[in-house]
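*Asks:* The structure that follows is given in the form of structure tokens.
The values are calculated or read from the model by the stated rules, or taken from the named source; none is laboratory data. As the structure is a computational prediction, the values presented were derived from the model and not from experiment. A quick note on method: Cβ atoms are made from the backbone with ideal geometry, for glycine too, and the neighbour counts reach across all protein chains shown. Heads up: the accessible areas ignore ligands, DNA and RNA and are worked out on the full protein's heavy atoms, side chains in. Shrake-Rupley method; radii C 1.70, N 1.55, O 1.52, S 1.80 Å.
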Amino acid sequence: MIFVIDDDEIMAECIANAAGDAKVFSNAIEAMNEIVKGNIPKLIFLDILLDGPDGFTFLNEMISYDDTAKIPVVIVTSLDLSDKDLSVYGVVKVLSKDDMTPKDIRALVKYYAK
Amino acid sequence: MDVEVDGILVAAHELKAPLAVLRQLALSFEGVGAKDERIRDEMVSVSERAIRQVNDLTKVRRLEDGLFVMEPVAVRPICDDVTRELMHLFKYNKRDLSIKYSNRSQLVIANRELLHGVIYNFLLNAMHYSGAETRSELMVKDKNDRVRVVVRDFGPELPTDVWREMNRGFVEKPTSIAMRPGSSGLGLFIASKFSHYMNAEVGAIRHRDGTSFYVDLMKSKQASLF
């Protein structure tokens, strides 16, 4: 299972379609609740600017628990984070909404979630 | 302490989000026929150009923060990147683009991102103003202690007021060049702002059959090491 967390419904759908077996959440709390139920994703596509708690709050939550600390996270954002090292949060890749393609998403799914 | 919200930056982010969605929607049409593929590619290309313009406007707004580092950069690879990015657009619009490099000095003092933006906007401007089935030219040459990047189009003559502003080195605000869509002069405004930040000189030369826009960039002293 792959999680897509983005408050833009259409963008989330586009990412989920490219990713394949994906579940979409419009905010971080919904996604955390799903994890608490025991549904641990293999990979997460995460937007940063979300309604409610933002992506960084979600990442902090994730790395604080042993069952989620190692889940690879792909940031999908329109912010420029190119000069930030986010590996401490388990971030394996930052995709820019400006130029990412379905191929990029499929490649990441193939590498981290198959 | 209250943090002042920059309306332009907020608006830019608001504009970018739907453009990025449109682009993703277009890209999600995979495995379509050749005719639809052409339409899809055009949708992607139009969204990408609009996203770039919004990004450039955001950068203009942030120039005064001084976040753009000036360093020695090789000018030809940047020209190559821009032409690679825009070549399909020229082809799609039945325009030709020729490239001529004659500069001996390879390195200039600039910011890579901003220089890319200047050349991109000059070329987009040239593509827009060149007539159908005509070519535009991108040239890089030495000019005393500077390297000049020139983009020549074969379109209508540049109005004298815009020419004067360009040669003053600073376009104060976007000035419409012609009464048609995409003629707001925004590209030239962005290019002049970026150039000004880089201490580069912009200017325009009017020809009877078009215009040459140029930016003169300081050569890097590091060039002498090669």
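*Asks:* Hey, does the stretch B:69-81 have a residue that's surrounded by fewer than 17 Cβ atoms within 10 Å (Cβ to Cβ), touching a Leu at 6+ places or on another chain (Cβ under 8 Å) and of a type in the set (Val, Ile, Thr)?
*Replies:* Among the residues of the stretch B:69-81, not one is surrounded by fewer than 17 Cβ atoms within 10 Å (Cβ to Cβ), touching a Leu at 6+ places or on another chain (Cβ under 8 Å) and of a type in the set (Val, Ile, Thr), which makes the answer no.
*Asks:* Can you spot a residue in the stretch B:91-100 that is farther than 18 Å from B:Glu201 by Cα, without any contact (Cβ under 8 Å) to a residue 12 or more places away in the chain and open to solvent by less than 60 Å² (accessible area, probe 1.4 Å)?
*Replies:* no
*Asks:* Report, by residue number, each residue of the stretch B:8-35 that is within 12 Å of another protein chain (Cβ to nearest Cβ), open to solvent by 50 Å² or more (accessible area, probe 1.4 Å) and either part of a helix (DSSP H, G or I) or in contact with a Leu (Cβ under 6 Å, 6 or more places away or on another chain) (or both).
*Replies:* Within the stretch B:8-35, B:Val10, B:His13, B:Glu14, B:Leu15, B:Pro18, B:Leu22, B:Leu25 qualify.
*Asks:* Taking the stretch A:69-100, which residues are buried (at least 16 other Cβ atoms within 10 Å of the Cβ) and of a type in the set (Ser, Thr, Tyr)?
*Replies:* Within the stretch A:69-100, A:Thr77, A:Ser78, A:Tyr89, A:Ser96 qualify.
*Asks:* Would you check if B:Leu114 is open to solvent by less than 30 Å² (accessible area, probe 1.4 Å) and under 30 Å from B:Arg40 (Cα atoms)?
*Replies:* The answer is yes for B:Leu114.
*Asks:* From B:Glu113, B:Glu64, grab the single residue that is assigned to a helix (DSSP H, G or I), within 13 Å of chain A (Cβ to nearest Cβ), within 30 Å of B:Asn144 (Cα to Cα) and of a type outside the set (S, T, N, Q).
*Replies:* B:Glu113
*Asks:* Sort out which residues of the stretch A:91-114 are part of a loop (DSSP other than H, G, I, E, B) and within 14 Å of chain B (Cβ to nearest Cβ), and write them in order of number.
*Replies:* Result: A:Lys97, A:Asp98, A:Asp99, A:Met100, A:Thr101.
*Asks:* How many residues does the stretch B:135-191 hold that are hydroxyl-bearing (Ser, Thr, Tyr) and either at pLDDT 90 or above or not in a loop (DSSP other than H, G, I, E, B) (or both)?
*Replies:* 2
*Asks:* I've got another one for you. Pick out the one residue from B:Arg76, B:Arg49, B:Arg38, B:Arg104 that is within 14 Å of chain A (Cβ to nearest Cβ) and either in a helix (DSSP H, G or I) or more than 21 Å from the chain's Cα centre (by Cα) (or both).
*Replies:* Exactly one residue qualifies, and that residue is B:Arg49.
*Asks:* If you scan the stretch A:64-90, which residues turn out to be assigned to a strand (DSSP E or B) and either in contact with a helix residue (DSSP H, G or I) (Cβ under 6 Å, 6 or more places away or on another chain) or in contact (Cβ under 8 Å) with a residue 60 or more places away in the chain (or both)?
*Replies:* Selection gives A:Val74, A:Val76.
*Asks:* Which of (1) at the interface with chain B (Cβ under 10 Å from one of its Cβ atoms); (2) over 28 Å from B:Phe29 (Cβ atoms); (3) among the polar types (S, T, N, Q) does A:Ser82 not meet, given it meets every other one?
*Replies:* (1)
*Asks:* Right, next: When you scan the stretch A:41-55, how many residues do you find that are within 25 Å of B:Lys59 (Cα to Cα) and open to solvent by 60 Å² or more (accessible area, probe 1.4 Å)?
*Replies:* Adding up the residues that qualify gives 1.
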